[in-house]
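Reviewing the structure listed below.
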Amino acid sequence: MYDNICKYLAENFKDDLATWLLGSPIKLTELSPTELSNEPIRADSLILLQSDNLVLHIEFQTDPEDHIPFRMLDYRVRGYRRFPHKEMRQVVIYLRKTGSELVHKNSFKLSNTYHDFEVIRLWEQPTERFMSVPGLLPFAVLSQTKDPTIVLSQVAQAVAAIKDQQQQRDIAAATSILAGLVLDRNVIKKIFRSEMMRESVIYQEILEEGEAKGEARGEAKGEARGKAETARKVALNLLGIGMSLEQVAQVTELSIEQVRVLQQETKS
């Protein structure tokens with residue numbers, strides 16, 4: 001779910017992401033993984049953006065996985081096959097602080113084959129880097145800080161200053177969800193509800209409720225029902241703060257039709 005939120009931010013705030021990762025607001029458009037291969041790797045966190053001269057491949061990871069280096073090589077080869085004259089920048093962005101050595105691995109080696117890529121560990125990034133543009137605000141609380149509560153309060157103030165109401169709601173919801181990686185949900189709730197967003201989504205609370213139901217049943221079916229109920233509650237809350245059907249479907253992994261049905265429930 002956290003990876004999906006990051007994917008939503010990257011796809012809806014491309015210029016902000018380009019400014020951070022490429023150093024300038026290069027205009028990027030989305031590139032479907034199917035354009036690189038008829039059999040794409042299934043990765044919810046995969047984002048491909050392109051300009052006339054560049055393909056930007058981003059992987060957001062909540063936790064490290066040992067197959068990431070090979071996946072980066074695989075997509076580099078696919079990218080070259082499809083766009084042999086375009087540069088390809090590849091970045092893995094880790095969200096949650098960990099002591100695993102995997103988050104430091106930035107290359108793949110097999111016999112005489114060697115490929116490297118960029119790695120960003122958010123908890124090592126300066127907080128101010130994320131405070132200057134709206135699309136990066138949700139990442140600030142995961143940055144290099146000894147007091148994420150203070151950072152979250154600063155982000156809340158910055159979000160409150162956003163004039164576009166829909167953008168304000170979307171950034172606030174994404175910030176609330178990602179903050180669940182480092183802060184207690186009650187802290188998040190207090191900051192956002194008291195300062196600007198009494199109806200904002202606190203996904204961590206909903207997620208824990210869904211997981212608790214699945215674990216209590218102790219069966220795969222129970223776990224699936226718990227996750228389904230979690231997705232439903234998240235969707236209802238996101239609809240409640242004004243997110244579009246497409247955005248809700250992207251975040252929750254529900255179909256557009258399922259979200260539309262839930263939208264009708266809120267109106268009845």
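The values are calculated or read from the model by the stated rules, or taken from the named source; none is laboratory data. Note that the structure is a prediction, hence the values are computed from the model and not measured. Cβ: placed from backbone, ideal geometry, glycine included. Neighbour counts: every protein chain shown. In case anyone asks, the SASA skips ligands and DNA or RNA and just uses the protein heavy atoms, side chains included. Shrake-Rupley method; radii C 1.70, N 1.55, O 1.52, S 1.80 Å.
Applying the condition of being modelled with pLDDT of 95 or more and in a loop (DSSP other than H, G, I, E, B) to region 101-120 and asking which residue is surrounded by the most Cβ atoms within 10 Å (Cβ to Cβ) yields PHE117. Within region 48-71, residues that are without any contact (Cβ under 8 Å) to a residue 40 or more places away in the chain and open to solvent by less than 10 Å² (accessible area, probe 1.4 Å) reach partners that are assigned to a loop (DSSP other than H, G, I, E, B) and among the polar types (S, T, N, Q) with beta carbons closer than 7 Å, at six or more positions or on different chains, in the pairs GLU59/SER45.
In this entry, SER244 is excluded by the filter for residues that are at pLDDT below 70 and of a type in the set (Ser, Thr, Tyr). Exactly one residue out of PHE108, PHE60 is among the aromatic types (Phe, Trp, Tyr) and farther than 19 Å from LEU181 by Cβ: that is PHE108. When restricted to residues that are open to solvent by 30 Å² or more (accessible area, probe 1.4 Å) and assigned to a strand (DSSP E or B), region 80-100 contains 2. Annotation: of all residues in region 246-263 being within 19 Å of GLN168 (Cβ to Cβ) and not β-branched (Val, Ile, Thr), the one that is least open to solvent (accessible area, probe 1.4 Å) is GLN247.
Look at region 102-119: where a residue is closer than 12 Å to MET72 by Cα and a partner is among the hydrophobic types (A, V, I, L, M, F, W, C) and open to solvent by less than 70 Å² (accessible area, probe 1.4 Å), sitting 6+ places away or on another chain with Cβ atoms under 6 Å, you get ASN106/PHE117; ASN106/VAL119; PHE108/LEU73; HIS115/LEU73; HIS115/PHE108; PHE117/MET72; GLU118/VAL91; VAL119/VAL92. If you go through region 121-134 and pick out every residue that is among the aliphatic types (A, V, I, L, M) and not in a loop (DSSP other than H, G, I, E, B), you end up with 1.
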